[in-house]
Ligand SMILES: C[S@@+](CC[C@H](N)C(=O)[O-])C[C@H]1O[C@@H](n2cnc3c(N)ncnc32)[C@H](O)[C@@H]1O
């Protein structure tokens with residue numbers, strides 16, 4: 001298993017897509033991780049990331065934290081009869097978007113998923129509640145085909161410095 005805070009053991013432009021499912025919110029600093037994910041994606045490749053929706057992360061804590069700050073919080077997670085403290089990092093929506101674009105990605109989709117209609121039959125008690133409040137947020141971001149480096153230079157530009 002790789003630690004996403006470290007360099008990834010893959011060559012440049014190795015993958016068409018990367019899926020980061022419910023993992024980025026465990027990381028304080030997205031910069032090095034997003035730079036690595038961008039490096040291993042081909043031009044036109046997509047990073048598809050699901051996260052705790054920031055509205056949830058900022059409303060479950062009492063006292064309510066500063067929405068505009070990036071701060072950590074800990075939840076005791078019950079697994080196999082044991083409780084384990086899980087440390088999360090919450091950040092405002094603009095900080096998420098800024099992190100993707102600063103890493104050289106282009107934002108192509110933001111989704112706030114709701115339960116599929118068929119879930120009403122399986123979960124009649126919970127459905128209306130789940131269908132009317134935020135839970136997760138999905139981002140689809142893409143490496144531009146004429147890739148723009150994190151410094152803003154086109155990697156296809158023969159006159160590029162460096
Ligand atoms: C909520 S689970 C999500 C698991 C799975 N991706 C899914 O969607 O069902 C969070 C996962 O993030 C992983 N994780 C947390 N911090 C990590 C890190 N620094 N590097 C790699 N994985 C990490 C944990 O090991 C765990 O598997």
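May I ask you to verify whether residue 37 is within 17 Å of the chain's Cα centre (by Cα), modelled with pLDDT of 95 or more, within 16 Å of the ligand (Cβ to nearest atom) and under 20 Å from residue 101 (Cβ atoms)? In short, yes. Identify, please: which residue in the range 1-22 is out of contact with any helix residue (DSSP H, G or I) (no Cβ under 9 Å at 6 or more places or on another chain), part of a loop (DSSP other than H, G, I, E, B) and near the ligand (Cβ under 8 Å from one of its atoms) and is, among those, nearest to residue 86 (Cα to Cα)? Only one residue tops the list, namely 22.
Every residue, every condition in (1) closer than 15 Å to residue 50 by Cβ; (2) at pLDDT 95 or above, yes or no:
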site	(1), (2)
80	no, no
92	no, yes
98	no, yes
105	no, yes
109	yes, yes
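Across the range 124-136, the number of residues qualifying as surrounded by 14 or more Cβ atoms within 10 Å (Cβ to Cβ) and over 25 Å from residue 93 (Cβ atoms) comes to 1. For residue 73, the conditions (1) under 19 Å from residue 134 (Cα atoms); (2) in contact with a strand residue (DSSP E or B) (Cβ under 7 Å, 6 or more places away or on another chain); (3) touching a residue at least 24 places away in the same chain (Cβ under 8 Å) all hold with the exception of (3).
Among residues of the range 24-59 being touching a strand residue (DSSP E or B) at 6+ places or on another chain (Cβ under 8 Å) and in a loop (DSSP other than H, G, I, E, B), the one that is nearest to residue 139 (Cα to Cα) is 53.
The values are calculated or read from the model by the stated rules, or taken from the named source; none is laboratory data. Quick caveat: nothing in here was measured; it's all calculated off a predicted structure. When we count neighbours, we look across all protein chains shown, and the Cβ atoms used for this are built from the backbone with ideal geometry, even at glycine.
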